[in-house]
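Before any comments, here is the structure.
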Amino acid sequence: MIKFAAGFLTALAALGLGGYLFLTSGGLPLETHHPPFPGEEWVANKALEVHLRGSSTKKPALNQSEFNLTEGAKVYAQNCAVCHGNRTGGIPIFARGMFPPPPQLLKDGSWAVGYPPGSVYKLIHGGIRLTGMPAFGESLSESELWQVTLMLVNADKLPVGALDFLASQ
């Protein structure tokens, strides 16, 4: 048993040393144009999934009115579109150099449509580490956070006022 434990600890130390040497020798490219490492996307998606557990039951603090959806469009245009784009344009200049690339939230098939509002709110409020997605919980009011959340989860069925505003941007 002692030999097994010694071998196990030696293997762990070798892995740790190997990882350290890999990182300190520049083996981990940090430029955004490099492709992801094997398993990197799976790890990131799994971490995000675990982070969002339980938040899907959080209920919106505002109703889904035309006013709130239009105000959400205004919040989006002012704070989000610079990375996440608008309904008609191409990929914004900031998004072109980001890794992972930010989802274009108002394009057809947006991941936010139909997503639980509580989960989308949590992402907007707290941001997403190592992605470039800032936390807006300190810079937007509670109403603004919920307005943009409601606008995103309903982006496929926005009222005319919200659509008109977004089209003018």
Q. Taking the stated definitions as given, is Val160 modelled with pLDDT of 90 or more, within 18 Å of Ala81 (Cα to Cα) and among the aliphatic types (A, V, I, L, M)?
A. no
Q) Looking at Gly27, is it small (Gly, Ala, Ser) and out of contact with any Leu (no Cβ under 9 Å at 6 or more places or on another chain)? A) no
Q | Extreme residue, nearest to Ala112 (Cα to Cα), among residues of segment 47-96 that are of a type in the set (Lys, Arg) and surrounded by 13 or more Cβ atoms within 10 Å (Cβ to Cβ) | A | Arg87
Q: Kindly check whether there is at least one residue in segment 74-89 that is in contact with a strand residue (DSSP E or B) (Cβ under 8 Å, 6 or more places away or on another chain), more than 15 Å from Val153 (Cα to Cα) and at pLDDT below 90.
A: no
(Q) Just the residues that are in a helix (DSSP H, G or I), over 20 Å from Glu142 (Cβ atoms) and free of Cβ contacts under 8 Å to residues at least 24 places away in the same chain, please, taken from segment 62-95. (A) Val82, His84, Ile93, Phe94, Ala95
Q. Residues in segment 5-32 that are among the charged types (D, E, K, R) and either touching an Asp or Glu at 6+ places or on another chain (Cβ under 9 Å) or over 28 Å from Arg96 (Cα atoms) (or both): how many?
A. 0
Q: Kindly list the number of the only condition in (1) surrounded by 12 or more Cβ atoms within 10 Å (Cβ to Cβ); (2) free of Cβ contacts under 8 Å to residues at least 12 places away in the same chain that fails for Phe37.
A: (1)
Q: Please work out which one of (1) farther than 24 Å from His33 by Cα; (2) under 17 Å from the mean Cα position of the chain (by Cα); (3) loosely packed, with under 14 Cβ neighbours inside 10 Å is the condition Gly118 fails and give its number.
A: (3)
Q) In segment 111-133, what residues are hydrophobic (A, V, I, L, M, F, W, C), in a loop (DSSP other than H, G, I, E, B) and either modelled with pLDDT of 90 or more or under 18 Å from Asp156 (Cα atoms) (or both)? A) Trp111, Ala112, Val113
Q.
Within segment 17-31, does at least one residue satisfy the condition of being surrounded by 10 or more Cβ atoms within 10 Å (Cβ to Cβ), assigned to a loop (DSSP other than H, G, I, E, B), touching a Ser or Thr at 6+ places or on another chain (Cβ under 7 Å) and of a type outside the set (Lys, Arg)?
A. no
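The values are calculated or read from the model by the stated rules, or taken from the named source; none is laboratory data. As the structure is a computational prediction, the values presented were derived from the model and not from experiment. FYI the Cβ positions are ideal-geometry reconstructions off the backbone, even for glycines, and counts take in every protein chain you see.
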